[in-house]
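Taking it in order: structure first as structure tokens, then the write-up.
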Amino acid sequence: AQKVTQAQTEISVVEKEDVTLDCVYETRDTTYYLFWYKQPPSGELVFLIRRNSFDEQNEISGRYSWNFQKSTSSFNFTITASQVVDSAVYFCALRTYEYGNKLVFGAGTILRVKS
Amino acid sequence: ETGVTQTPRHLVMGMTNKKSLKCEQHLGHNAMYWYKQSAKKPLELMFVYNFKEQTENNSVPSRFSPECPNSSHLFLHLHTLQPEDSALYLCASSQWGMDLYGYTFGSGTRLTVV
């Protein structure tokens, strides 16, 4: 079965703090893809990153970084020096051939960054 | 226009009304999806259309009726809804089998059933 768990329902930080959003996934497939999306108040889900199961290299993009660890089935997302504009709901998602290539989402983490 | 466009952005309807949600994409994608986002619940996949053919219906009640006349347009026809159907309805599109960016999402229609 495919499952994505985002245990943190809501996180509040003060601007300039670093924050890590956790994501744990389950799948029996050996080939799969992991995603992070951001949902600002406007509603649309904005693609942030895609990672395939064969690439465990961590990635950094500006203030964003992702830590993919297959050993713990985790794909965590860190925002460095958070800003108010980072306030949004963040979703982790999994896509596998076993599930017909459809995206399975976690419940999302609400991030509130206060000035 | 680019991306995925959903109309209307907001909709209030009575339980006896009939309304339709519209989704349009100009990305050349061949798969389109309806998701339901309720408060404090994960995104729920409702319907999948692949090359205009419905390939998935995730046990969605018949009061929700999708229509995909072509690969660029997707509708969700609503009738005799219940208050618990109030949610954000998100449309998405993708190039079936190519997962470079996952899906491209619209901004959603915020539906309130009174």
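Every read-out reported here was derived from the displayed coordinates using simple, explicitly stated rules and does not represent laboratory data. Fair warning: this is a prediction, and the values are worked out from it, not measured in the lab. So basically every Cβ, Gly included, is an ideal-geometry build from the backbone, and we count neighbours across all protein chains shown.
Bridging of A:Lys16 to lysines at a Cα separation below 22 Å is possible for A:Lys38, A:Lys114, once same-chain residues fewer than 8 apart are set aside. Label-to-label distance for A:Thr80 and A:Val46 is 2.0 nm, based on points extended 7 Å past Cα in the beta-carbon direction.
Write down the percent of antiparallel bridges among all DSSP beta bridges whose residues are both part of chain A, to the nearest 5. All intermediate terms of the calculation are to be shown ahead of the outcome.
Numbers: 36 of 41 bridges.
Expressed as a percentage, antiparallel bridges in chain A total about 90.
Cysteine residues of the protein assembly as shown whose C-beta has no other cysteine C-beta under 4.7 angstrom: B:Cys68. Which residue, chosen from B:Gly3, A:Gly106, A:Ser42, occupies the Cα position most advanced towards the positive end of the dipole of the protein assembly as shown, where the dipole is computed from +1 (Lys, Arg) and -1 (Asp, Glu) charges on Cβ about the Cα centre? Of the listed residues, the answer is A:Ser42.
With all pairs of separate Cα atoms included, chain B yields a Kirkwood hydrodynamic radius of 14.1 Å.
Report the calculated FRET efficiency for A:Glu56 and B:Lys18 (r = Cβ-Cβ distance, R0 = 35 Å), to the nearest 0.05.
Calculated transfer efficiency: 0.10.
Taking a cut-off of 29 Å, what percent of all Cα-Cα pairs in the protein assembly as shown are separated by more than that? The calculated P(r) of the protein assembly as shown puts 28 percent of pairs beyond 29 Å. When Rg and the Kirkwood Rh are both derived from Cα coordinates, the Rg/Rh ratio for chain A amounts to 0.96. Placing dummy labels 7 Å off each Cα toward the beta-carbon, the span from B:Thr112 to A:Ser71 is 5.1 nm.
Site pair A:Glu26 and B:Asn58 shows an inter-label distance of 1.6 nm when each label is modelled 7 Å from Cα along Cα→Cβ.
Of the chymotrypsin sites (Phe, Trp or Tyr not before Pro) in segment B:20-53, which ones lie in a loop per DSSP and count no more than 13 other C-beta atoms within 10 Å? Each step should come with its number before you reach the end.
Values: sites: B:Tyr33, B:Trp34, B:Tyr35, B:Phe47, B:Tyr49, B:Phe51; in loops: B:Phe51.
Passing sites in segment B:20-53 are B:Phe51.
FRET efficiency for the A:Thr9 to B:Asn70 pair, using the beta carbon distance and R₀ = 35 Å, is estimated at 0.30.
For segment A:24-107, which trypsin sites (Lys or Arg not before Pro) are in a loop by DSSP, counting at most 15 other Cβ atoms within 10 Å? Show your work: numbers first, answer last.
Values: sites: A:Arg28, A:Lys38, A:Arg50, A:Arg51, A:Arg63, A:Lys70, A:Arg95, A:Lys102; in loops: A:Arg28, A:Arg63, A:Lys102.
Sparse-neighbourhood loop trypsin sites (Lys or Arg not before Pro): A:Arg28, A:Arg63.
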